């Protein structure tokens, strides 16, 4: 079937309207009547005539059209005088001037009557349309409008002057009233002094012009300067343009006077607009008396259309009247009607937190992307975003297998070098200060915690000092030269378990621990470099959301659990006296009792005390520490209890966590200006720490404090800063260490790359690319350096890295009133990471200041980091569905496409895997933790046998092989279908020729 362009358009239109009228019966009817119908259905794109027209208007890939600010002015009559008064404005949502005339309403979604849209359509069909008018002043534009109306015979020449007089009346705009007002102002605006009808002289909250617009051009600069002070300008994007809607009723017209004007170049028309934004569009509607409400609704409909993303594009690119009508028709196709008996139109609809994508609507009219017929979004149907399958699991070109020696590493270096300088100067922002302090406190707490645990596990071969220096060295090098500087390196639990087992093995077999550790580190470094050279990070693409969320959730729960355990240890060290009775307070005391002098003292550290004259001591004046040192014993009911410390520690712990959560949410509150809320949210953690440190200082109780080494020297006196590779151990030990090094390499590889995948998620909108191979290269090099210096090994820390990302998120500064700030991405730079680790290194010299920070406050920060990293994880959201009745469950996209029982089954599989990992982590078998992470990938592969690819596409990601196979199957089906259509087409031609 070959149609020329005109017949093709007619046939499309016919089929479209018949389908809308007859639904499926049309398809059956035409299949019986005309055998070629199935071919026609597949070959033609059925769009409405309006949509077909818009496809040709919007197909050109021009520059994006400016954002439109729309202002609607209404003509007011008072005492024989007329003036234009601002009644509403739009940037994205509608704001009305309240009836009191002293304030703007809250931004809300415009609710329009369907009748007003049809009346607007009629106005544009019959009114005057001037496109690309050359006009630079309002009087000139008004004269051109009236001249065009007279030429077209729409108005009589006799009323030319009257219309011009009305349109050039003065404008007054709603401005913000100062907080302090004079008594005279209050008296003028009091109810007793205000007339029922709006007087042009009443209400000091209005800015009024006193001259005619024809004479205003000379004073335009002063008006512009005054308008520049309007704070509302901050809500309007740069390079925005204005559309003005003028609505009014007059007594000399017997039919409406309608004009729609688009200027060839945007121009500032005196005081026509409340903000200094050049006007591009002008819509005028004047009509006979008695229909003010109807005119107002038509004006609101026009203003709402002008801020609609699609119609504004049409308005900019329209070539004639029919293009504008097509834009309204498309709007009507997508509009949703609310039943009048089920919704009160007086109720203002709050702006939604998430707006539908305008690009999805525009893609329907793109010749490159053939979309669905219009009407999909209306009537409660699913949006285009929901109807489409989720995007396939892709991690970008960074993980493509090159097949060349060090091919991936070379591409990473080429990708990161152009951004190297910007990675530093882009970090100079006030937000970076908050991020540095937040991550610094998390890092030193982690360094002290793991340093202490390492000291206990290795008999102080590695301790807090080694942890501080190793964190500083590894962190600075990685942040300076790594592929993803937003990743924070730290010691991890599996590494701690490995160090403990290795030390015990060395002591039991008379092996030098530091020497064998050095060879394990060197072998692991070599293995990491081999993985880098062979592009082994390629396998990361098989880690879907199932594996990522399992790993991330486990680390988050470990942070939460450790914070709670540390808090409980304080309660154990400073127990609460549960049997305390206020009436028996006199019986609670603790005395130091002298030891029996004839009793032998087995403690060798106190052998020199045997000759000491104990009778000379005043045992009742000794402190607890002194009493125990001299061999005394504590006697009394209150000796094992320490009042207040446990409860104050809990207040500091929970208060820090709660205040941080509250201040982070303060950004979305209604109090204080936007900049103030943003500043408080950015510095939420720092403010919380300072507040509760101050509380601890005021209470003056001896709560556990942060202890930082004050001298740079090894924790163990009998070791130095350099570990020699050959010493006590036999020569074959350097070869045998290859086997345990393999386990360490798997641990390092999995921890590093899974954290990198989580950090590089597309949701974070990173723009400077990733560097998986470059990251692993530097982690391997640092393994060798730390092994030679006897420092702990470091790898990417998931929770702290996520916290680093969250602290550097950027949002749009100028957003329309009522519109939620848009997430723009993350401030990608190296400066914050470098400063964090430099501060960690010099923390030894900051010990006098850091010693005032209570440990419960830092435990509260740990708890916050663990809870905050769970935010946005789909697994966590699905877990909460178990506790919700179906009718109260959130409207998640996957619930629309996957049965609830299948969702619960998938979640139970993840919970089971997480429980196995948790049990494994809590035992000595934690050394095989990285192997179990690989086990998650095996479990995910087995899920293909239980769940369909459709369900997995919504709940997880489709594995690359499955996605490739699915695409090949679809391609084969299309080819087979195309071949069948071709054969059917030939048969149909033969049948048609026989019939004719």
Requested in this report: Go through the residues of region 270-281 one by one and say whether even a single one is in the same structural domain as residue 169 (by TED's automatic domain parsing), outside any strand (DSSP E or B), at pLDDT 90 or above and within 19 Å of residue 125 (Cα to Cα).
Outcome: no
Query raised in the report: Condition test on residue 703, is it in contact with a strand residue (DSSP E or B) (Cβ under 6 Å, 6 or more places away or on another chain) and assigned by TED's automatic domain parsing to the domain that holds residue 409?
Result: yes
Query raised in the report: How many of the residues in region 415-447 are within 13 Å of residue 862 (Cα to Cα) and over 21 Å from the mean Cα position of the chain (by Cα)?
Result: 8
Query raised in the report: When residue 474 is evaluated against the numbered criteria (1) touching a strand residue (DSSP E or B) at 6+ places or on another chain (Cβ under 6 Å); (2) surrounded by fewer than 24 Cβ atoms within 10 Å (Cβ to Cβ), which criterion, by number, is the only one it fails?
Result: (2)
Report task. Kindly indicate whether residue 424 is assigned to a loop (DSSP other than H, G, I, E, B), in the same structural domain as residue 756 (by TED's automatic domain parsing) and under 25 Å from residue 828 (Cα atoms). Result -> no
Requested in this report: Among the candidates 822, 874, single out the residue that is at pLDDT below 85, within 26 Å of the chain's Cα centre (by Cα) and over 27 Å from residue 678 (Cβ atoms).
Outcome: 874
**Report entry** Index of the failed condition, residue 562 passing every other in (1) surrounded by 15 or more Cβ atoms within 10 Å (Cβ to Cβ); (2) over 28 Å from residue 742 (Cβ atoms); (3) at pLDDT 85 or above
**Finding:** (3)
Query raised in the report: residue 407: out of contact with any strand residue (DSSP E or B) (no Cβ under 9 Å at 6 or more places or on another chain) and either modelled with pLDDT of 55 or more or surrounded by 14 or more Cβ atoms within 10 Å (Cβ to Cβ) (or both), yes or no?
Result: yes
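Conditions (1) part of a strand (DSSP E or B); (2) at pLDDT 75 or above, marked per residue:
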site: 626; (1), (2): no, no
site: 634; (1), (2): yes, no
site: 660; (1), (2): no, yes
site: 667; (1), (2): no, yes
site: 676; (1), (2): no, yes
site: 702; (1), (2): no, yes
site: 708; (1), (2): no, no
site: 719; (1), (2): no, yes
Query raised in the report: Here are 863, 895: which of them is crowded, with 20+ Cβ neighbours inside 10 Å and part of a helix (DSSP H, G or I)?
Result: 863
Report task. Just give me the residues in region 527-541 being under 14 Å from residue 738 (Cα atoms), touching a residue at least 60 places away in the same chain (Cβ under 8 Å) and either out of contact with any helix residue (DSSP H, G or I) (no Cβ under 6 Å at 6 or more places or on another chain) or buried (at least 22 other Cβ atoms within 10 Å of the Cβ) (or both), in sequence order. Result -> 528
Query raised in the report: residue 259: crowded, with 21+ Cβ neighbours inside 10 Å, assigned to a helix (DSSP H, G or I) and modelled with pLDDT of 85 or more, yes or no?
Result: no
Query raised in the report: Does residue 970 satisfy being modelled with pLDDT under 85 and in contact with a helix residue (DSSP H, G or I) (Cβ under 9 Å, 6 or more places away or on another chain)?
Result: no
Query raised in the report: Does any residue of region 480-494 turn out to be more than 19 Å from residue 773 (Cβ to Cβ), in a helix (DSSP H, G or I) and touching a residue at least 60 places away in the same chain (Cβ under 8 Å)?
Result: yes
Query raised in the report: How many residues does region 141-164 contain that are under 21 Å from residue 84 (Cα atoms) and surrounded by 14 or more Cβ atoms within 10 Å (Cβ to Cβ)?
Result: 11
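For (1) more than 23 Å from residue 805 (Cβ to Cβ); (2) buried (at least 17 other Cβ atoms within 10 Å of the Cβ), each residue gets a yes or a no:
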site	(1), (2)
664	no, yes
686	no, yes
692	yes, yes
726	yes, no
Report task. Report, by residue number, each residue of region 762-783 that is over 16 Å from residue 476 (Cα atoms) and in contact (Cβ under 8 Å) with a residue 24 or more places away in the chain. Result -> 763, 764, 765, 766, 767, 768, 769, 770, 771, 772, 773
Query raised in the report: Does region 852-877 hold any residues that are closer than 19 Å to residue 558 by Cβ and in contact with a strand residue (DSSP E or B) (Cβ under 9 Å, 6 or more places away or on another chain), and which are they?
Result: 855
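The values are calculated or read from the model by the stated rules, or taken from the named source; none is laboratory data. Values in this document were obtained by computation on a predicted structure and should not be read as measured data. Positions of Cβ are generated from backbone atoms using ideal geometry, with glycine treated the same way; all protein chains shown enter the neighbour counts.
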